[in-house]
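Please read the structure below before turning to the comments.
All of the numbers you see were taken from the coordinates with simple rules; none came from a lab. These figures come from a predicted structure and were not determined experimentally. Ideal geometry is used to build each Cβ from the backbone, glycine not excepted, and the neighbour counts take in all protein chains shown.
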Amino acid sequence: MIADQDRTAEGRLLVVGSVNVDLVLAVPRHPEPGETLAGTGSRRSPGGKGANQACAAARLGGDVRFAGRTGADADLALDLLRRAGTDLSATTQVPGSETGLAVVTVDDVGENNIVIIPGANGSWTAQDVHGLRSAVEDSDLVVSQGEIPAAAVDQLAQLSTEAGTRFLLNLAPVIDVDETTLAAADPLVVNESEGRLALTALAGTTAPEDDAATVRLLREAGVRSVVMTRGARGALVVADEEVTEIGSPAVRAVDTTGAGDAFVGALAVGLARGESAAQACRRAVRVGAYAVTRHGAQPSYPQQGDELPA
């Protein structure tokens, strides 16, 4: 069970990132290029990697402030964040913009493909992030992702470094952030393919096929700590010299959409509470496993009191 926690006793999280509406299309299988395929259903729900991670953390009892940018049509996109008790005072509406849109196709075995229209998420600038300085200074952990412009992420990493606030970067998708931003990440959270791309960008070398070797090389290239998510195989963590493998519970997946964000949100809560990366990952893989057994992104995330897979 997830024990009830007093929010005032929790580490303070600032999540800066994207907020979308997800248009989810159910399909028997993913279409081939040029193929027209009949779907079996559709629904709209809140999404966006930043909003997802903030929502996952808040539903677990985290003290979460979310900074996002939306259009005027943001009621659905922010609904579950509000219900989870997320502080949205740093989330702003961008005149003339639409809220970001993600078109997600989910097949019969739960695998997904996603196309994103950034909308207001693409309007973030370094100056916008500079306006969050006091929020960064007031936080114990700052979290961001790759669905806002690289200049904004770079500025956030710089502010976090100047404030002495720990910075978690989920480099998903992989964007062209500065090397100093990758070096500031503690941890850098990537999946297998993102980890290889990050290593190529940071070290200029082709990454090995072995995941453990990739995370070790990222650490040697200057990243403070690395967490690699590996779906049903769990995660790898390297904070010092040792690579720790964290297994994931075996579950029947119905929809993998947003499961990685559930993992990151849970990881962030644990780190903000002062847990080690390995300790936080052990809960995070269970939260991710819980999420894939339900449909949607934010609607699938556990709340305090929900029983997680063992």
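Rounded to two decimals, the Cα-based Rg/Rh of segment 1-134, with Kirkwood Rh, is 1.04. Between Val226, Val15, Val24, the Gaussian network model of the chain with springs among Cα atoms under 10 angstrom shows the greatest mean-square fluctuation at Val24.
Largest mean-square fluctuation among Gly258, Gly47, Gly34, in a Gaussian network model of the chain whose springs join Cα atoms under 10 Å apart, belongs to Gly34.
What value does segment 49-123 have for Rg/Rh, both radii from Cα atoms and Rh as Kirkwood defines it? Present the calculation step by step, with values, prior to reporting the outcome.
Values: Rg = 13.4 Å, Rh = 13.3 Å.
Expressed as Rg/Rh, it is 1.01.
Label segment 190-242 by shape, choosing from rounded, prolate and oblate, from the square roots a ≥ b ≥ c of the eigenvalues of the Cα gyration tensor; if a/c is under 1.5 it is rounded, and otherwise prolate applies when a/b is larger than b/c, oblate when it is not.
On the way: a/c = 1.88, a/b = 1.20, b/c = 1.57.
Oblate shape, in that a/c is at least 1.5 and b/c is the bigger or equal ratio.
Extending 7 Å from the Cα toward the beta-carbon at both Glu111 and Glu98 defines two label points whose distance is 3.0 nm.
Mean Kyte-Doolittle of at least 0.5 and a Cα length of 18 Å or more along the axis: which whole DSSP H helices of the chain meet both? Show your work: numbers first, answer last.
On the way: long enough: 150-163 (20 Å, 0.38); 259-272 (20 Å, 1.65); 277-292 (22 Å, 0.45).
Passing helices, by number: 259-272.
Each Lys and Arg contributes +1 and each Asp and Glu -1, all at the Cβ; summed about the Cα centre of the chain, the dipole is approximately 600 debye.
About its Cα centre, segment 161-264 has a charge dipole of approximately 260 debye under the convention of +1 per Lys or Arg Cβ and -1 per Asp or Glu Cβ, with nothing else charged.
Only bridges whose two residues both fall in the chain count here: according to DSSP, what percent of them are antiparallel, nearest 5?
40 percent
For segment 218-310, report the translational diffusion coefficient in µm²/s to the nearest whole number, using Stokes-Einstein at 25 °C, 0.890 mPa s, and a Kirkwood Rh over Cα pairs. Walk me through the intermediate numbers first.
On the way: Rh = 13.4 Å.
The Stokes-Einstein estimate is 183 µm²/s.
With q set to 0.06, 0.13 Å⁻¹, the log10 of I(q)/I(0) for the chain, from the Debye formula over equal scatterers at the Cα positions, is -0.17, -0.87.
Helix-derived [θ] at 222 nm for the chain: sum -39500 (n - 2.57) over DSSP H runs of at least 4, divide by residue count, nearest 500?
Numbers: 10 runs with 102 residues, N = 310.
For the chain, the value works out to -9500 deg cm²/dmol.
With a ≥ b ≥ c taken as the square roots of the eigenvalues of the C-alpha gyration tensor of segment 96-207, please select rounded if a/c is under 1.5 and otherwise prolate if a/b is larger than b/c or oblate if it is not? Present the calculation step by step, with values, prior to reporting the outcome.
Values: a/c = 1.95, a/b = 1.22, b/c = 1.60.
Because a/c hits 1.5 or more and a/b fails to exceed b/c, segment 96-207 counts as oblate.
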